[in-house]
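J.: Before we start, here is the structure in question, set down as C-alpha cells.
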Amino acid sequence: TDPNIRQSEGWTPFYRSCFYDEQFLDILLDNETTDPNVPDEEGIIPLVRACEHCRKESIEKILLDERTQLTKEQAIECIHRIEQRYNKPLTVMEVSFLFCAIHRFLPSELFPDDEPRQTQLKNKIRLNRQKSAGL
C-alpha cells in the first residue's frame, strides 16, 4: 500500500498513524516513500493534527524526520492547537522549543506579539545550549 494515498476518510495511512498507532508510525517513517507532509482533505498536515491531539511521541518523531517541511504558519497553527487543549501532556514551550531547535524558527517568529513568551523561549534555548555544552 502506498503510504501517501488518501483513503476513504481523506487520510493517508501516515496521517492516521500519527494519533492512532505510533508503532505503525515508526514503520511508515522507515519507509523511504512516506511523505510526512501530505495534508488531509481540509489541507491540514499530520503534524498539526498530532499537536491538536497532544501526541508527544508522534510530534517529536515527525519533527525529527528530515523529510518534514514546516512553515512558520504551520508551526504557529500547531501551537494554537495545543493551547486549545484542556489537559495537555505537552506544553506550548516544549513544542515551540522543538520548532526552534529543529526547524530554526526564531522565538519572535512564533510569538510576534508576546514578549514574555519570546523571553521564556529564548531562556529555554539558552539553558539547553549550556546543558549541551556541559556548562
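The values are calculated or read from the model by the stated rules, or taken from the named source; none is laboratory data. Remember, predicted model here, so these are calculated numbers, not experimental data. When we count neighbours, we look across all protein chains shown, and the Cβ atoms used for this are built from the backbone with ideal geometry, even at glycine. All accessible areas refer to the heavy atoms of the entire protein, side chains included, with ligands and DNA or RNA removed. Shrake-Rupley method; radii C 1.70, N 1.55, O 1.52, S 1.80 Å.
J.: For the chain, give the magnitude of the charge dipole about the Cα centre (Cβ charges: +1 Lys/Arg, -1 Asp/Glu; no others), in debye to the nearest 20. Intermediate results must be reported in sequence, preceding the final value.
T.: Working: 18 positive and 24 negative charges, 165 e Å.
Using only the charged Cβ atoms, the result is roughly 800 debye.
J.: Classify the chain as rounded, prolate or oblate from the Cα gyration tensor: take a ≥ b ≥ c as the square roots of its eigenvalues, call it rounded if a/c is under 1.5, otherwise prolate when a/b beats b/c and oblate if not. Don't skip to the end; give the middle numbers.
T.: Working: a/c = 2.17, a/b = 1.70, b/c = 1.28.
It is prolate, given that a/c is not under 1.5 and a/b is the larger ratio.
J.: Can I ask one more? For the chain, what is the accessible area per residue in Å² when the probe is 1.4 Å? Each step should come with its number before you reach the end.
T.: On the way: 7970 Å² over 135 residues.
For the chain, the solvent-accessible area averages 59 Å² per residue.
J.: With a 1.4 Å probe and all protein chains left in place, how much of the accessible area of the stretch 12-135 comes from carbon and sulfur atoms, in whole percent? Intermediate values should be presented prior to the final figure.
T.: Values: 3390 of 7160 Å².
Heavy-atom surface of the stretch 12-135 belonging to carbon and sulfur, 1.4 Å probe: 47 percent.
J.: While we're on this one: Simple spin-label model, 7 Å along Cα-to-Cβ: residue 53 to residue 131 in nm?
T.: So the label points at residue 53 and residue 131 sit 2.8 nm apart.
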